[in-house]
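Bear in mind that the values in this text are calculations on the coordinates, not laboratory data. This is a predicted model, so every value here is computed, not measured. Virtual Cβ from ideal backbone geometry, glycine too; neighbours counted across all protein chains shown.
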């Protein structure tokens, strides 16, 4: 699987959509890192919860 990085600055809605597509086998990748330019962005918490 191809490792990918995700950039987010808010709720992480695109991250969640990508994560879902990976889980369903639609995208042959794994999320290796999530980075935000906004400390405490809600999407970071969600990324931590999903591992």
Taking the structure as given and computing Kirkwood radius over Cα pairs in Å, which label from (i) 15.6; (ii) 10.9; (iii) 12.0 fits?
(ii)
At 222 nm, what helix-only mean residue ellipticity would the chain give, in deg cm²/dmol to the nearest 500, using -39500 (n - 2.57) for each DSSP H run of four or more?
-11500 deg cm²/dmol
Considering Cα pairs under 8 angstrom that are at least six residues apart, work out the relative contact order of the chain and quote it in whole percent.
49 percent
Would you mind ranking 18, 50 by Cβ crowding within 10 Å, fewest neighbours first?
50, 18
A correct fewest-to-most ranking of 46, 11, 24 by other Cβ atoms within 10 Å would be 24, 11, 46
Among 36, 45, rank each residue by its count of other Cβ atoms within 10 Å, from fewest to most, as a rough exposure measure.
45, 36
